[in-house]
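Participant: Pasting in a structure now, in structure tokens, and then I'll have a few things to ask.
The values are calculated or read from the model by the stated rules, or taken from the named source; none is laboratory data. Predicted model only: the values in this text are computed from it and were never measured. Glycine gets a Cβ as well: all are built from the backbone with ideal geometry, and neighbour counts include every protein chain shown.
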Amino acid sequence: MEKIVKEAKKRVKETEKLMKKMEKLRKKRMKEMEKQMEKLMIEIEKLKKRGDIEGLIEMLKDNDEFVRWGAAKALGEIGDSRVVEPLIEALKDDDELVRSSAAEALGKIGDSRAVEPLIEALDDADADVIVQIKAAEALHKIGNERANEALKHEWVIGRLIRALREDSRWLVRSNAAEVLGKIGGERAVEPLIRALEDSDEDVRRKAAEALGEIGDERAVKPLTGALKDSNESVREKAAEALEKIAKRD
């Protein structure tokens, strides 16, 4: 029995040692990735400042998804109509962050050529919800008749509400809250009120802001409660939202 206990203790120590080694390796790799990302963003920023559209478009074909994501983001900020077609193509990228970045960029540019591809991205049931959220936001920004028609479907709002309620990623919930403030209407009020109690402060802040955009009086009491939130930015957005609702009366 004593031998078994000693062997067990030995294995526990070996496991602990291995776990520490793995954690050290993970941290090292994370630092290396952060350095690479920093270098990458500096390079992309240089291309953006130079207005090197061709260079950024070429980056959309890079093997590294972070390069493609950064290129799509930069192209959206440049806003040249020549980048629309490459960004539409990027909506078919294998990586959901690249696709969501491309959708966001197309919304910033506001070219009507992007409407149908964005509707396809919105309708893709297999797509990650962050892509659908960014596609919905982009269609709202473009705002022509076809784009607005696509956003009227009940399932679109339902998908955003489900993401706000159920997604484990705070960034997804935050984005869902923001877009619901723009297109959700009365149906989004109760889910956004519940989101004022989200564990993440950014989600709570976006929910308060969204309720102010919608302007429904049902939000007055919950927003008044949010004035006591532990986070200053949430309290500020709650106050701003209450002011907006009061002005609509």
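Participant: For the range 125-145, give me the residue count where each residue is among the acidic types (Asp, Glu) and part of a loop (DSSP other than H, G, I, E, B).
Facilitator: 2
Participant: Moving on to the next point. When residues of the range 44-102 are filtered for being charged (D, E, K, R) and in contact with a Phe, Trp or Tyr (Cβ under 8 Å, 6 or more places away or on another chain), how many remain? Steps first, please.
Facilitator: Let us first name the residues in the range 44-102 that are charged (D, E, K, R), namely 45-46, 48-50, 52, 54, 58, 61-62, 64-65, 68, 73, 77, 80, 82, 85, 89, 92-96, 99.
Remaining after also requiring in contact with a Phe, Trp or Tyr (Cβ under 8 Å, 6 or more places away or on another chain): 95.
Of the residues in the range 44-102, 1 are charged (D, E, K, R) and in contact with a Phe, Trp or Tyr (Cβ under 8 Å, 6 or more places away or on another chain).
The rows are residues; the columns are (1) closer than 30 Å to Asp93 by Cα; (2) crowded, with 20+ Cβ neighbours inside 10 Å; (3) in the same structural domain as Lys108 (by TED's automatic domain parsing).
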{"site": "Asn144", "(1), (2), (3)": "yes, no, yes"}
{"site": "Gly185", "(1), (2), (3)": "no, no, no"}
{"site": "Leu192", "(1), (2), (3)": "no, yes, no"}
{"site": "Leu223", "(1), (2), (3)": "no, yes, no"}
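Participant: Now, a different point. Regarding Arg165, is this residue touching a residue at least 12 places away in the same chain (Cβ under 8 Å), more than 29 Å from Ala90 (Cβ to Cβ) and out of contact with any His (no Cβ under 7 Å at 6 or more places or on another chain)? Before the answer, list the steps.
Facilitator: Numbers: touching a residue at least 12 places away in the same chain (Cβ under 8 Å): yes; more than 29 Å from Ala90 (Cβ to Cβ): yes; out of contact with any His (no Cβ under 7 Å at 6 or more places or on another chain): yes.
The answer is yes for Arg165.
Participant: Which helices (runs of 4 or more DSSP H) does the range 169-230 wholly contain that include 2 or more residues that are out of contact with any strand residue (DSSP E or B) (no Cβ under 8 Å at 6 or more places or on another chain) and farther than 26 Å from Glu104 by Cβ?
Facilitator: 189-195, 220-226
Participant: In the range 59-88, which residue that is within 17 Å of Glu116 (Cα to Cα) and under 20 Å from the mean Cα position of the chain (by Cα) is surrounded by the most Cβ atoms within 10 Å (Cβ to Cβ)? Write out each step before concluding.
Facilitator: Initial filter on the range 59-88 (within 17 Å of Glu116 (Cα to Cα)): 81, 83-88.
Those left that are additionally under 20 Å from the mean Cα position of the chain (by Cα): 87-88.
Numbers: Leu87: 26, Ile88: 20.
Ranking the qualifying residues of the range 59-88, first place goes to Leu87.
Participant: Mind checking which pairs have a first residue in the range 98-111 that is over 13 Å from Pro86 (Cα atoms) and a second that is of a type in the set (Lys, Arg), Cβ under 8 Å, 6 or more apart or different chains?
Facilitator: Every condition considered, the pairs that remain are Ser100/Lys134; Glu104/Lys73; Glu104/Lys134; Gly107/Lys134; Gly107/Lys141; Lys108/Lys141; Gly110/Lys141.
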